[in-house]
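Undergrad: Sharing a structure, written as structure tokens. Questions coming.
The values are calculated or read from the model by the stated rules, or taken from the named source; none is laboratory data. Quick caveat, the model's predicted, so the values are computed rather than measured. Reconstructed Cβ throughout: ideal geometry from the backbone, glycine too, with neighbour counts over all protein chains shown.
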């Protein structure tokens, strides 16, 4: 396998000007991974500041309902309300070690922007967040949160004015300012070494899950389920189980159905292409232009996916399924009522798949769902979708 | 001798114009390119419209959007190249593209169609040397020059690797950033031109940010063989939307002004076509 490749996927499809920054990042990352000072400081931030480890909650009501043993990995309880902070703390600390003096990030729904703003504030690095103009309106509350945390939000008015354009804008900023700026990419996408860095920082989810389930059940789970947009929470929980006899299922945004063309399921319905620095699966037209995507969950509304997922799909090691907006909304309400946990709409896709898959599981089977984020951010949207009645 | 090599052998100072195929419309695009040629562009870079042009600044990105809204596809780009080849048989034409356009079509088909249409070179803005093995055999098979990019941030080792696979000319990126007009060019251009000159016999052209006659002069004085102007011309297309005659006048005037920065030609006022064909 070539450097920076996952099977045939991944690589570094970027303008020449960025190559020096990617090479520097790769070298630094290789060094700090071996640096005990870095590990101990990151460990402090994760445990004392962010609230790790997160619980692996056995859900009695859900288990009775589904007829198997269901656990939720509670990334919703991490500081900031989602798994995003695992990555932003890791990369922000790395940026400090690299001597960078400024962080930039892209954000769609605002979760990664908020997590970057938190990490920047905690580590004393100024943060500028690129956000599609459409998203700044849809997610005005998160814009305010980021500003409250001291970050500057830069609306992006080009292209479709959403997440992919925010990534383009952040890459342009980085090209122009790479000596003092670290681009804190929010998912396991983009050019090498980003997919690897993000996967490594998110793998804490799977490592904890593995330890916790062994303590609790004395064996590994039968199935682990996670939602996949860019795929960072999924790769984080899957990675430590890849070598085990554990069924891994990634759940994509089926939107209004794969036949409708309005969805975000690049692995289920896309084709292989180069997008924003990496070869992976992509929702594209016949000429190679990325298509507009749709999902009720803003965090899954993206035309491509991390290259490691592309490899895991081709090898058959992970199964990728799509769940519609309607199924996700049902799961959102269902989990709220059944367990008193309001999931993020993204995470609700994983819950929805669990509801669908439960028929095939025995009562002793162990099912782990990665609850990647909490749903407070989505409550207003869901209320408006349903005329105020949940 | 290829058209590109011939041009640089003939002229010590080459003016390269850039346009996005299909901007401001598929039909109007030919008029834009023709005007640039008539006004004195020695070589044209023709961009294949792409929805996510991350190496480009806002002016050229909007041109990509206009071209895509007009429905421009790679087929239309090849048709434009064919038409231009007919209009200016000796003028070098270089396709400027993002890699997914090539990946989607398949490199064999892309390069064969490019060659059949009459393109001389292909510049893939997001395909660094590490990944260039994907296209190198096809460029060679169809006799298309692979125009390499070198940035101010490119290390000497990478310069060597990049130059070992380059042909036609080398595109030196003047600054750390995306395409777009700047008030002044960074001071390091002469250093970059000199460093690359030591490693290759290929002609060197400088682009990114070049938008004023004094920039053109700076580049020429730095010892480059050519200068590439993009955003400053593309902006005129946007400013004269809906007024084709005004747009062509503005392009002619801009190119004439910019060309004044070049090392003077022996016969500066002779119309381009006669000079190329004669």
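Undergrad: For residue A:287, state whether it is surrounded by fewer than 23 Cβ atoms within 10 Å (Cβ to Cβ), within 14 Å of chain B (Cβ to nearest Cβ) and part of a loop (DSSP other than H, G, I, E, B).
TA: Numbers: surrounded by fewer than 23 Cβ atoms within 10 Å (Cβ to Cβ): yes; within 14 Å of chain B (Cβ to nearest Cβ): yes; part of a loop (DSSP other than H, G, I, E, B): yes.
Against the criterion (surrounded by fewer than 23 Cβ atoms within 10 Å (Cβ to Cβ), within 14 Å of chain B (Cβ to nearest Cβ) and part of a loop (DSSP other than H, G, I, E, B)), residue A:287 qualifies.
Undergrad: Restricting to region A:134-163, and then to whatever is in contact (Cβ under 8 Å) with a residue 40 or more places away in the chain and outside any strand (DSSP E or B), can you tell me which residue is surrounded by the most Cβ atoms within 10 Å (Cβ to Cβ)? Before you say what the answer is, go through the steps one by one.
TA: In the first step, residues of region A:134-163 are kept if they are in contact (Cβ under 8 Å) with a residue 40 or more places away in the chain; the result is A:135, A:138-139, A:141-142, A:153, A:160, A:162-163.
Subsequent filtering for residues that are outside any strand (DSSP E or B) retains A:135, A:138-139, A:141-142, A:160, A:162-163.
Working: A:135: 26, A:138: 18, A:139: 24, A:141: 13, A:142: 25, A:160: 17, A:162: 21, A:163: 29.
Filtering first and then ranking leaves A:163.
Undergrad: What's the number of the only condition in (1) more than 14 Å from chain B (Cβ to nearest Cβ); (2) under 30 Å from residue B:166 (Cβ atoms); (3) touching a helix residue (DSSP H, G or I) at 6+ places or on another chain (Cβ under 6 Å) that residue A:30 fails to meet?
TA: Condition (3) is where residue A:30 drops out.
Undergrad: Here is a further query. Considering B:65, B:59, B:54, B:81, which residue is facing chain A (nearest Cβ under 10 Å) and part of a helix (DSSP H, G or I)? So that I can check it myself, show each step before the final result.
TA: Working: B:59 fails: facing chain A (nearest Cβ under 10 Å); B:54 fails: part of a helix (DSSP H, G or I); B:81 fails: facing chain A (nearest Cβ under 10 Å).
Answer to the selection: B:65.
Undergrad: For residue B:108, work out the one condition from (1) under 26 Å from residue B:162 (Cβ atoms); (2) within 10 Å of chain A (Cβ to nearest Cβ); (3) surrounded by fewer than 23 Cβ atoms within 10 Å (Cβ to Cβ); (4) in contact (Cβ under 8 Å) with a residue 12 or more places away in the chain it doesn't fulfil.
TA: (2)
Undergrad: Let me ask something else about it. Is it the case that some residue within region B:175-184 is touching a strand residue (DSSP E or B) at 6+ places or on another chain (Cβ under 6 Å) and either within 24 Å of residue B:261 (Cα to Cα) or in contact (Cβ under 8 Å) with a residue 40 or more places away in the chain (or both)? Let's see the steps before the verdict.
TA: Initially, region B:175-184 is screened for residues touching a strand residue (DSSP E or B) at 6+ places or on another chain (Cβ under 6 Å), giving none.
No, region B:175-184 contains no residue that is touching a strand residue (DSSP E or B) at 6+ places or on another chain (Cβ under 6 Å) and either within 24 Å of residue B:261 (Cα to Cα) or in contact (Cβ under 8 Å) with a residue 40 or more places away in the chain (or both).
Conditions (1) at pLDDT below 95; (2) over 20 Å from residue B:124 (Cα atoms); (3) within 14 Å of chain A (Cβ to nearest Cβ), marked per residue:
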| residue | (1), (2), (3) |
| --- | --- |
| B:148 | no, no, yes |
| B:168 | no, no, no |
| B:175 | yes, no, yes |
| B:214 | yes, yes, no |
| B:220 | yes, yes, no |
| B:235 | no, yes, no |
| B:240 | no, yes, no |
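Undergrad: Condition test on residue A:5, is it touching a residue at least 24 places away in the same chain (Cβ under 8 Å), within 27 Å of residue A:280 (Cα to Cα) and within 14 Å of chain B (Cβ to nearest Cβ)?
TA: Values: touching a residue at least 24 places away in the same chain (Cβ under 8 Å): yes; within 27 Å of residue A:280 (Cα to Cα): yes; within 14 Å of chain B (Cβ to nearest Cβ): yes.
Considered against the rule, which asks whether it is touching a residue at least 24 places away in the same chain (Cβ under 8 Å), within 27 Å of residue A:280 (Cα to Cα) and within 14 Å of chain B (Cβ to nearest Cβ), residue A:5 comes out as yes.
Undergrad: Let me ask you something else. Output the residues belonging to region B:132-145 that are closer than 21 Å to residue B:204 by Cβ and crowded, with 21+ Cβ neighbours inside 10 Å.
TA: B:139, B:144, B:145, listed by residue number.
Conditions tested, residue by residue: (1) touching a helix residue (DSSP H, G or I) at 6+ places or on another chain (Cβ under 9 Å); (2) farther than 17 Å from residue A:286 by Cβ; (3) without any contact (Cβ under 8 Å) to a residue 60 or more places away in the chain.
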{"site": "B:23", "(1), (2), (3)": "yes, yes, no"}
{"site": "B:27", "(1), (2), (3)": "no, yes, yes"}
{"site": "B:30", "(1), (2), (3)": "yes, yes, yes"}
{"site": "B:79", "(1), (2), (3)": "yes, no, yes"}
{"site": "B:91", "(1), (2), (3)": "yes, yes, no"}
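Undergrad: Also: Considering region B:132-146 alone, what residues qualify as being closer than 14 Å to residue B:164 by Cα and within 14 Å of chain A (Cβ to nearest Cβ)?
TA: B:132, B:133, B:146
Undergrad: Among the residues of region A:166-192, what is the count of those that are more than 21 Å from residue A:237 (Cβ to Cβ), out of contact with any strand residue (DSSP E or B) (no Cβ under 9 Å at 6 or more places or on another chain) and either part of a loop (DSSP other than H, G, I, E, B) or modelled with pLDDT of 95 or more (or both)?
TA: Number of matching residues: 2.
Undergrad: Continuing with the same structure: Just need a number here: residues in region B:177-198 that are modelled with pLDDT of 90 or more and under 20 Å from residue B:14 (Cβ atoms).
TA: Residues meeting the conditions: 7.
Yes/no matrix, rows are residues, columns are (1) surrounded by 21 or more Cβ atoms within 10 Å (Cβ to Cβ); (2) touching a residue at least 40 places away in the same chain (Cβ under 8 Å):
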residue: A:21; (1), (2): yes, yes
residue: A:24; (1), (2): no, yes
residue: A:44; (1), (2): no, no
residue: A:49; (1), (2): no, yes
residue: A:61; (1), (2): no, yes
residue: A:67; (1), (2): no, yes
residue: A:76; (1), (2): yes, yes
residue: A:87; (1), (2): yes, yes
residue: A:96; (1), (2): no, no
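Undergrad: Now for a separate question. Scan region A:173-193 for residues that are closer than 14 Å to residue A:86 by Cα and either within 14 Å of another protein chain (Cβ to nearest Cβ) or surrounded by fewer than 24 Cβ atoms within 10 Å (Cβ to Cβ) (or both) and jot them down. Give the steps one after another, and end with the answer.
TA: As a first pass, look at region A:173-193 and keep what is closer than 14 Å to residue A:86 by Cα: A:184-188.
Residue satisfying the conditions is A:185 alone.
Undergrad: Select the helices (runs of 4 or more DSSP H) contained entirely in region A:29-131, then report the ones holding at least 3 residues which are touching a strand residue (DSSP E or B) at 6+ places or on another chain (Cβ under 9 Å). Quick ask: steps written out before the conclusion?
TA: Details: elements: A:36-44, A:60-66, A:84-98, A:111-123.
Here the list reads A:60-66, A:84-98, A:111-123.
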